[in-house]
Every structure is written in C-alpha cells, then in structure tokens.
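Notes follow the structure.
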Amino acid sequence: MTDKKNKSAIQKRLIPSYIFLVIVCFISVFPIYWMVTAATNNSVDIARGKIWFGNQALVNLQNLIKAASSQGSGTSLGRFMGNSFLYAFMQTVLCIFICSLAGYGFELYHDKAKDKLFGILLLAMMVPGVATMIPLFTMASKFKLLNTVAGFILPTISTPFMIMMFRQNSRNFPVDIMEAARIDGLSELAIFFKMYMPVMRSTYAAAAVITFMNSWNAYMWPRAVMTKNSAQTMQILLTNLSNGYVLDYGLIMMAVLFCSIPTMAIFFILQKQFAEGITGAVK
C-alpha cells in the first residue's frame, strides 16, 4: 500500500510537467499543421485564419505546376525538385566523406603542425558566409562553373563545423582496433573504410542530416551561381512565387510543403542516429 501511495503521489507531482510538455509540443507542431492545412485552402480562407483542412489542395497543386512551368524555358516543378535533390545529394555525400577523412586524420594522427592548422581552420567558422560570396562568385565565373553542380557544391564541400564534429567524435573511436588492424596488415585507407566508417555510422547519419538540410535550404549561393532558370532550386522558385503584387497564399503554402517534405522525411528516418551522432555516441 505504501508503494502505491508513493507512486500515486509522484504521478500527481508530475501532472504539471506533463501539461507543460503537452503545451510545448502543441506550440512546436502547430506551424507544421498550419502549413499542411493552408496548402489545402485558398488565399481568402488563409487570410481569414482558417486552420482546418479545405478542398483546394488539387487546385493549388495544379497552380504550382503551372507557375513552375512559367518561370522560363526548361523549367517545371519536377525540374526544380530534381535540381534540389541532385545538389543536396551530391553535396551531402562528398561533404561527409571529405570532412570525415579530415576529422579522422586530425584526431588519430596527432601532430603539432596539424593542431595549429586545425586552430586556423576553426577561425574560418567566425567568417560570415556573405563576406565570401563575392570572391567565390568571381572564382566560379572565372573557372566557368556557373549553372553547374560543381559550382553549387564546391564552396561547401568541406566545412570547419563538420570537420570539428568528426574530429570530436573520433576521440571515442577505439584506437586499439587500429593497432590490431595494422598488425593484421590492413592499410591506412582500408582501416578508414572497413573499420572507422562502420563504427562511426551514427556520426555519419547526423552529419548527413545537417548537410542535406543546409544544402536543401540554401538560398544565397544558389541564387548567385545559378543564373539559368533551368538550373535553379525549389528555394529560388519559392522566392519567385512570393514576388508580386497579388499573392496566391494557397499556391505559396503548397510550394512550402513541397520544400519541407524532403528534409522532414530525412530527419524522421535518421532521427535516432542523429541524436546518437550529436552526443558523440560510437557503436
């Protein structure tokens, strides 16, 4: 009886915490809910603040397809989505590979010169991206990389944050495995591919989520380097749809929904590995 009373007293004390968490959860989820419902309503209903589902989803989708096709020659909704997927996928794969290789080298092969170089690398995190926009654009134009996949991904193919993230998480990598592998005759690259990468898969998952989201949501650099309509991304299309004297909010919210679904899907699929990678877990 005493245990039941203690459990009941504890549950009663936790009721305010549960109520608070429910309220916070509702506040966090409501913008996503409103985005989905707004995509099914017309501009008038959205302006009036309607927060339940409507019957204009198909109309808004058709208008979005027409608006995307009217952006210029060679443009369509599929083309904008395909460009975004291509750029984000290529950047994610190359970035996590290069940054993991750099973080692996910085942490597991200590050297005073490397430590100083890493310190200089961290200083680059303090430089705002806008400050490097003009030099990067000049270089891309000089090397004829405008409107190309290389022009999009090269400036962010390696970032100080990702290198630091892999280096910090590499501290949990068991060095004894490397020594045993060397005794067995494995080369340094074989150790990296066959042992380091599988063990650090949670860190790779977290890095993939962050890199994909950053690449998918990028606007400033794609806007500068992708001058042709056929090479532009969904973020640029969304901005183009928002420019005008009369705005179709249903159309815009449908475009926002299309822009949000891929990043949400990636996060929900890899959320467990993301949490483990952020906390530095190693398996």
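Each reported figure results from applying straightforward, stated rules to the coordinates on display, with no laboratory input. No experiment lies behind these values; they were computed from the predicted model shown. Neighbour counts are summed over all protein chains in view; Cβ atoms, including those assigned to glycine, are modelled from backbone coordinates with ideal geometry.
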From the residues A207, S158, L247, which one has its Cα farthest along the dipole of the stretch 54-278 in the positive direction, the dipole being from +1 and -1 charges on Cβ of Lys/Arg and Asp/Glu about the Cα centre? L247
Fewest-first ordering of F118, F89, F20 by Cβ atoms within 10 Å yields F20, F89, F118
Order of R13, R223 under a 10 Å beta carbon neighbour criterion, fewest first: R13, R223
Would you calculate a helix-derived [θ] at 222 nm for the chain, using -39,500 (n - 2.57) for each DSSP H run of n ≥ 4 and dividing by the full residue count, to the nearest 500? -22500 deg cm²/dmol
Once fully extended, how much extra length lies between A124 and W34, figured as 0.36 nm per residue of separation less the alpha-carbon to alpha-carbon distance? 28.6 nm
Just going by the charge dipole of the chain, with Lys and Arg at +1 and Asp and Glu at -1 on Cβ, which of F30, A57, G78 is farthest out on the positive end? F30
Whole-Hz Karplus couplings 3J(HN,Hα) for the stretch 153-159, θ = phi - 60° and coefficients 6.51, -1.76, 1.60, Gly and Pro as x, run 8, 4, x, 10, 6, 8, 10
With Rg and the Kirkwood Rh both taken from Cα atoms, where does Rg over Rh land for the chain? 1.08
Dipole in debye (nearest 20) - the chain, about Cα centre, beta carbon charges: Lys, Arg +1; Asp, Glu -1: 500 debye
Applied in sequence order to the stretch 231-246, the curve 6.51 cos²θ - 1.76 cosθ + 1.60 (Karplus, θ = phi - 60°) yields integer Hz couplings, x standing for Gly and Pro, of 9, 7, 10, 5, 5, 5, 4, 4, 5, 4, 6, 8, 9, x, 7, 10
